[in-house]
Amino acid sequence: MKLQLRGGVLMAETEYGLALLDEKSGEYWTLNPSAAVVLETMLAGRDAQDAVHALTQRYDVSDSLAQQDVDRILTELRSAGLVNEN
């Protein structure tokens, strides 16, 4: 599965992670640093397991906790309609 931002969704780095802006609705979301790692890993063409690995390498978390975080973040991005998958 390849993840990409939906058309009309802009991404910007902030001091505390990432911000996503939906130009159509005017809504924006802030992603904390760990969520930013997940999204950036997935946007680079890697899969969810790679995102889990990226989290465990950067933060002192177990594989199972990192997997839960990745699943939650992806679910929230999908629910908000911010990403497309191919």
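The values are calculated or read from the model by the stated rules, or taken from the named source; none is laboratory data. Computed from a predicted structure; not experimentally measured. Cβ atoms come from the backbone with ideal geometry, glycine included; neighbour counts cover every protein chain shown.
Remark: pairs (first residue in segment 43-59, in contact (Cβ under 8 Å) with a residue 24 or more places away in the chain and within 23 Å of residue 7 (Cα to Cα); second residue part of a helix (DSSP H, G or I) and not aromatic (Phe, Trp, Tyr); Cβ separation under 9 Å; 6+ apart in sequence or on different chains) = 47/41; 48/38; 48/41; 48/42; 48/67; 48/70; 48/71; 48/74.
Search segment 70-86 for residues being among the acidic types (Asp, Glu) and either assigned to a helix (DSSP H, G or I) or in contact with a Cys (Cβ under 8 Å, 6 or more places away or on another chain) (or both), and hand back the single one that is farthest from residue 24 (Cα to Cα).
71
Could you pull out the residue among 56, 30 that is assigned to a strand (DSSP E or B) and among the hydroxyl-bearing types (Ser, Thr, Tyr)? Only one candidate qualifies: 30.
Yes/no per residue for (1) touching a residue at least 40 places away in the same chain (Cβ under 8 Å); (2) of a type in the set (S, T, N, Q):
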| site | (1), (2) |
| --- | --- |
| 5 | yes, no |
| 28 | no, no |
| 34 | no, yes |
| 37 | no, no |
| 41 | no, yes |
| 61 | no, no |
| 83 | yes, no |
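Consider segment 18-28. How many of its residues are within 13 Å of the chain's Cα centre (by Cα) and either crowded, with 16+ Cβ neighbours inside 10 Å or closer than 17 Å to residue 71 by Cβ (or both)?
2
What residue, of 67, 4, is assigned to a helix (DSSP H, G or I) and of a type outside the set (Ser, Thr, Tyr)? Spell out how you get there, then give the answer.
Details: 4 fails: assigned to a helix (DSSP H, G or I).
Result: 67 is the single residue among 67, 4 that is assigned to a helix (DSSP H, G or I) and of a type outside the set (Ser, Thr, Tyr).
Hey, could you check segment 31-86 for residues that are farther than 21 Å from residue 19 by Cβ and β-branched (Val, Ile, Thr) and say which is surrounded by the most Cβ atoms within 10 Å (Cβ to Cβ)? Let's see the steps before the verdict.
Narrowing segment 31-86 to residues farther than 21 Å from residue 19 by Cβ: 45-50, 52-53, 56-57, 60-68, 71, 85-86.
From what is left, the residues that are β-branched (Val, Ile, Thr) are 52, 56, 61.
On the way: 52: 22, 56: 15, 61: 16.
The qualifying residue surrounded by the most Cβ atoms within 10 Å (Cβ to Cβ) is 52.
With respect to residue 50, is the statement that it is modelled with pLDDT of 95 or more, over 18 Å from residue 8 (Cα atoms), under 11 Å from the mean Cα position of the chain (by Cα) and not in a loop (DSSP other than H, G, I, E, B) true? Judged against the criteria, residue 50 is not a match.
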